[in-house]
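Student: Below is a structure I'd like to ask you about.
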Ligand SMILES: [Fe+2]
């Protein structure tokens, strides 16, 4: 996911200068399935546009803005002024938005798997299955609660099923707006994208139908792994 771009040449006046800082760039993750593999629940067209256009835009936005911060950090060495600091602060929002969009979508793709490859199925002998039963009674009840949270998002956002390490590892369903994500002691087990671009081409205004359908392709095996390991591996 990280591509080292190495040293970069730039121009200053008429002479070429070699920038001395190394720049790392994020890239789109590989998908474990083909765009059409989640049909009929999510169309191939949606997946392709979502991945190639929307996710790519977050990748580009993050790279552009972090690059600008690197450049400003260099300027800060020569001019440690409030002006430069303010410029850096001005980029923080963009980094939060695009960085959140990048990681949220990495989680999202990994959280999906074709029905024929086990999508929608959670083995009963997993720690996650036991925790769900203990806290919610059944997986269907957890899904119902998550769908209520998703339907309650006004505008664009996400719902996450998380394992909250601050709360004894209990399961919780949390909402986030825009591209805000979950970090720190909240381990994201399942991430569901409630932005219009995730469903509109297929479901139009019936987003509730999308929220119902997506559970048929949820990768519960991945969620169970994150539950056990208390970490995520989405690279
Ligand atoms: Fe999205």
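Values quoted throughout were computed directly from the atomic coordinates according to the rules given, and no laboratory measurement underlies them. Note that the structure is a prediction, hence the values are computed from the model and not measured. For neighbour counting, all protein chains shown are included, and Cβ atoms are generated from backbone atoms with ideal geometry for every residue, glycine included.
Student: Could you list the square roots of 5 times each eigenvalue of the Cα gyration tensor of the chain, that is, the equivalent ellipsoid semi-axes, sorted largest first and rounded to whole Å?
Tutor: Details: eigenvalues 282, 78, 56 Å².
Gyration-tensor ellipsoid for the chain: 38, 20, 17 Å.
Student: Measure off 7 Å from each Cα along the Cα-to-Cβ vector at residue 28 and residue 185, then give the distance between these two points in nanometres to one decimal.
Tutor: Distance between the two pseudo-spin positions: 3.8 nm.
Student: May I pose another question? Taking the Cβ of each residue in 69, 190, 59 as the centre, tally the other Cβ atoms inside 10 Å and list the residues starting with the fewest.
Tutor: On the way: 69 15, 190 25, 59 22.
Listing 69, 190, 59 from fewest to most nearby Cβ atoms yields 69, 59, 190.
Student: Right, another one. Fully extended, how many nm does the chain gain between residue 177 and residue 231 (0.36 nm per residue separation, minus their Cα-Cα distance)?
Tutor: Details: separation 54, 0.36 × 54 = 19.44 nm, distance 2.27 nm.
Once the chain is fully extended between residue 177 and residue 231, it gains 17.2 nm.
Student: How big is the gap, in Å, between the Cα center of the range 156-210 and the Cα center of the range 57-109?
Tutor: Rounded to whole Å, the Cα centres lie 24 Å apart.
Student: Continuing with the same structure: Considering Cα pairs under 8 angstrom that are at least six residues apart, work out the relative contact order of the chain and quote it in whole percent. Present the calculation step by step, with values, prior to reporting the outcome.
Tutor: Numbers: 346 pairs, mean separation 50.3, N = 235.
Averaging sequence separation for qualifying contacts and normalising by length gives 21 percent for the chain.
Student: Oh, and also: Over the alpha carbons of the range 56-96, what is the largest minus smallest coordinate on each principal axis, giving the biggest first in Å?
Tutor: 34, 16, 9
Student: Return the Rg/Rh value of the range 115-229, two decimal places, where both radii are evaluated on C-alpha atoms and Rh is the Kirkwood radius. Mind showing how you got there, number by number?
Tutor: Numbers: Rg = 13.8 Å, Rh = 14.5 Å.
Using only Cα positions, Rg/Rh for the range 115-229 is 0.95.
Student: Right, here's the next one. Please report Rg (one decimal) and Dmax (integer) in Å for the Cα set of the range 53-174.
Tutor: 20.3, 61
Student: Ignoring everything except DSSP H segments at least 4 long, calculate the 222 nm mean residue ellipticity for the chain; use -39,500 (n - 2.57) per segment, divide by total residues, nearest 500. Kindly include the intermediate steps, with their values, before the conclusion.
Tutor: Numbers: 8 runs with 102 residues, N = 235.
Estimated from H runs of four or more residues: -13500 deg cm²/dmol.
Student: For helix 56-78, what angle does its Cα long axis make with the longest principal axis of the chain, in degrees from 0 to 90 and rounded to 10?
Tutor: The two axes meet at around 40 degrees.
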